[in-house]
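Here the structure is laid out as structure tokens; the discussion comes afterwards.
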Amino acid sequence: MHDRLASLYPQHLATLRERADKALALGGGFDHLVIAAGTPLRKFLDDQDYPFVANPHFRHWLPLTDTPGSWIVYTPGQKPKLIFLQPKDYWHVVPAAPSGYWVEHFDIEIVREATDAVALLPDAKTRRAILGPECPTVPGAEANNPQAVLDYLHWHRSYKTPYELELMREASRIGARAHHAAEQAFRAGESEFGIHLAYLTAARQNDAELPYASIVGLNEHGAVLHYTHFDRKPPAESRSFLIDAGASAAGYASDITRTYAAKGHAEFQALIDSVDAAQQGFAAKVRAGQSYPELHIHAHHVLAEVLREHGIVRMSAESAVASGVTSTFFPHGLGHPIGLQVHDVAGFQASETGGTIARPQGHPYLRMTRVLEAGMVVTIEPGLYFIDMLLEELRAKPVASEIDWGRVERFRPYGGIRIEDDVVCTEGDAENLTRDAFAQIA
């Protein structure tokens, strides 16, 4: 893995430098690109910080995720510089001195104080594009985040380099390994909390290191789209299990969801199998030239057929979609861009100079509206849920007579189903990072 990354990193860095050159020019002729790793946010009325999350722009250049107070400085035509904060501190673990396959590509200066780091930045009288969080502020190096610079960099961040894809494969392998452990814990009768602990152990990552808060839901809890409660006691009967959890590799994310039926619940397992088959069909359509919103609408039609097949609705697929019935059972978007962030940037962006592509009418939660291009990575995560609030709204509509409410009641105790893979768009067949990772542990 290390040798592979070492061979891919120089071209990745060259790509970032080229993009930075163009972004600074488009922004109006900035002299320098200055990127803050950021500093931790302090908890209100407390002397403790929230877990530190490094600026994704910083992580784009370097595989460093826990170096608060450090900076990258790039001046076109010059070797990039890392100003590395290694404080004198006996309260916390001090970051180790930089090492690894990337260090030869940077001029590195190590400082002991945050103010010393700021003092080494380009003079404030020069034109500096400073990318970083606006809070907390860094005196003497306040972020200005020029929009034209951000638009260009965000647009091109959609196209992953081979180096980035290698890290995303690793994040998928870690996630698949942990998902396997979570399924085993479910089969063994563990609580949601126990399953979560099994996941963390297998991933070898703590909660703060994961790219997002894991969703671990047994039975009806699978109907809560962002369920993060973690019951400490197992239910009297574990009928079903939905887990949406990822992993990180040098700042890159995986985002994986699986749903399982307990032994003896064949009817719900059959519904899972139908959603899984549909999901694989959607993932296979991830290729250059495919409109993501059109793929989302296609998913609604296919899932309407699944609802018909399992006797939940009696209407045609076209009627189920047009009347909004499918949105009761599938109320979120088909997926989103993924990379340095779980919900990565530029999913709605019209071009490298900004702008927005609107969501299709009636689909307010879709997180991407662009046409897919080679190098993009997106999630494909269809679902079918039995959500009490949405079902009550559906009961009040004229189309309620087209629903077999007895079948709905049979499935309500299982909560819902979601299947999610991370998929790379290419000029040909898609690369399914998630399925490939699961295959490696089979």
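The values are calculated or read from the model by the stated rules, or taken from the named source; none is laboratory data. Since this is a predicted model, take the numbers as computed values, not measurements. Please note: Cβ atoms are built from the backbone with ideal geometry, for glycine as well, and neighbour counts cover all protein chains shown. Side chains are part of the model used for accessible areas, which takes the heavy atoms of the whole protein and leaves out ligands, DNA and RNA. Shrake-Rupley method; radii C 1.70, N 1.55, O 1.52, S 1.80 Å.
Annotations for the structure displayed:
- Cross-link partners of residue 22 among aspartates and glutamates, defined as those whose alpha carbon lies under 14 angstrom from its own and excluding same-chain residues fewer than eight positions apart: 31, 151, 352.
- Between the Cα long axis of helix 192-203 and the first principal axis of the chain there is an angle of about 40°, rounded to the nearest 10.
- Cα long-axis angle, helix 292-309 against the chain (0 to 90 degrees, to the nearest 10): 20
- Annotation: peptides 424-432, 344-352, 228-236, ranked by per-residue average of other Cβ atoms within 10 Å with the highest first, follow the order 344-352, 424-432, 228-236.
- Across all Cα pairs in the range 1-158, the calculated P(r) in 5 Å bins from zero up to the longest distance comes to 2, 8, 18, 22, 21, 15, 9, 4, 1, 0 percent per bin.
- Formal net charge of residues neighbouring residue 227 (Cβ-Cβ distance under 13 Å; K, R +1; D, E -1): -3
- Formal net charge of residues neighbouring residue 53 (Cβ-Cβ distance under 13 Å; K, R +1; D, E -1): -3
- Nonpolar atom fraction for the chain, defined as the carbon and sulfur part of the 1.4 Å probe accessible area, stands at 53 percent.
- Note on the range 81-126 and the range 170-218: Cα centroid distance 34 Å, given to the nearest whole angstrom.
- Accessible area per residue in Å² at 1.4 Å probe, computed on the chain: 44
- Computed from the Cβ-Cβ distance with R0 of 56 Å, the FRET efficiency linking residue 134 to residue 285 stands at 0.90.
- Summed side-chain charge close to residue 381 - residues other than residue 381 whose Cβ falls under 15 Å, Lys, Arg +1, Asp, Glu -1: -2
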